[in-house]
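Student: Just dropping this structure here.
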């Protein structure tokens, strides 16, 4: 490859790398901790999360445990008040964190 073409190639690579790095940094700043999500956001993300763990080939017993966990949260009496919903969001976030820590998939 000629030196000028190589220089253009590296220049294009670094520009795209810098752009991707800026995008990633922006996403980190916009990140919301699980415990600060709304109940509606948690419910909306549930199906997506389950589809990804299925696609990732997680063990069926782990998937079934997650489904059971979500069903229990959805049917919990705390769902009748905004404060109760937020308590369930906090609980789900911390149980998820502990569950992944025990599985070694944090």
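Student: Looking only at the range 66-90, count every residue that is in contact (Cβ under 8 Å) with a residue 12 or more places away in the chain and either under 19 Å from the mean Cα position of the chain (by Cα) or under 20 Å from residue 51 (Cα atoms) (or both) and tell me the total.
Tutor: Final tally of qualifying residues: 10.
Student: Restrict the check to the range 81-91 and report whether at least one residue is modelled with pLDDT of 90 or more and closer than 24 Å to residue 104 by Cβ.
Tutor: The answer is yes; a qualifying residue exists.
Student: Filter the range 44-80 down to the residues that are part of a loop (DSSP other than H, G, I, E, B) and more than 21 Å from residue 104 (Cα to Cα) and list them by number.
Tutor: Within the range 44-80, 75, 76 qualify.
Student: I'm trying to understand the selection: among the residues of the range 91-106, which are in a helix (DSSP H, G or I) and free of Cβ contacts under 8 Å to residues at least 40 places away in the same chain?
Tutor: 91, 95, 98, 99, 100, 101, 102
The values are calculated or read from the model by the stated rules, or taken from the named source; none is laboratory data. As the structure is a computational prediction, the values presented were derived from the model and not from experiment. As a convention, Cβ positions derive from the backbone with ideal geometry for all residues, glycine included, and neighbour counts pool all protein chains shown.
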